[in-house]
Amino acid sequence: MTRRSKNTPSDRPSPTGTPDTETTAVTTITAIATAAPDDPPGAGDRAAEAFDALYAHCATALFHQTFLLTGRRALARESVARAFALAWEHWPEVAVDRDPVGWVRAAGYEYALSPWHRLRRAHRRPDPPPAEPADHALLDALLALPPCYRRTLVLHDGLGLGLPETAAETEASTPAAANRLLNARAAIDALVPAPSDGDEAAEDPAPLAERLGALALSPSPGTLPAPVLVRTDSERRARRWTRTTFWFTLLLAGLTLFTLATAPTRHETPAAPARRIGGVPPHGGSHEPEPRELSLEKKLRGELFRGPARLVPGTG
């Protein structure tokens, strides 16, 4: 059995379905989304219908793919919900995209592979391993790969994308994607050797692709959120971010106006510090006078009225 390509249907279980099914679904979604101008009556219903069709087509498959990337069922379900919520938030862009399935898949992969999940207590503990020892070993070997290698392997060998499409989706050059793919296969073969059935099996990567497909389909997705709940959550999040942005902007504008009103309009050179001259303390300041200063002040005050007559102001 050969590895499934983009133009050859496969009989093995696939987390993404056959290309013919995907092409039909994408055509249906695009036709629903672009059936009429932007804002006629019922445009919102058509958008919701197209979104629900996209969700029904690839939500379960996206769960299986993100499970291969993370090894955690809860994080895979969360990645599906977050990817579709983001798709509904940007639905005018997604609806006219030539590959809406790829748009959602890229969003789900980005969320699933985010390094910030390591800081979350809910995702620190790994899920129970698969029941089959071979699946357990393959999953451990897959999760030991760097995220970019893991993503390239899942896209190319798991989904059957061509090398140029894999390179484009991982934002890498084609030679770089090929190098990642070869290194990932070598690492997997070193940790989990595939059973050899002769020269053809040694040259054909189909056994690894089949094992990835079987591993992806091993966990049950459970109950994924309904598309209406995903749309509602996306709209609620968008309103919350809009309110937060509005109040933050208002606060920033208020602080700016307050600063402009209270800031000095010209530069004033600070006065030089006072100095003691001839034993006379400087004028002003908040220091405690010394006994010598007090005696000098008393002496000066006394001599003012008992000095020469020329220094005493006249009274007549």
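Each part gets one Cα centre, and for the stretch 59-87 versus the stretch 139-174 those centres are 16 Å apart.
Once C-alpha pairs closer than 8 Å and six or more residues apart are averaged by separation and normalised to the residue number of the stretch 57-185, the relative contact order reads 24 percent. Per the 1.4 Å probe, what fraction of the accessible area of the stretch 53-158, in percent, lies on carbon and sulfur atoms? For the stretch 53-158, the apolar C and S fraction of the accessible surface comes to 56 percent. In the full protein context, the stretch 68-197 carries 50 Å² of accessible surface per residue, based on a 1.4 Å probe and ignoring ligands, DNA and RNA.
Listed peptides 167-180, 51-64, 248-261 appear in the order 51-64, 167-180, 248-261 once ranked by packing, highest mean of other Cβ atoms within 10 Å at the front.
The values are calculated or read from the model by the stated rules, or taken from the named source; none is laboratory data. On a predicted model such as this, the values are computed, not experimentally measured, just so you know. Positions of Cβ are generated from backbone atoms using ideal geometry, with glycine treated the same way; all protein chains shown enter the neighbour counts. To get the accessible areas, we keep the full protein, side chains included, count just its heavy atoms, and leave off ligands, DNA and RNA. Shrake-Rupley method; radii C 1.70, N 1.55, O 1.52, S 1.80 Å.
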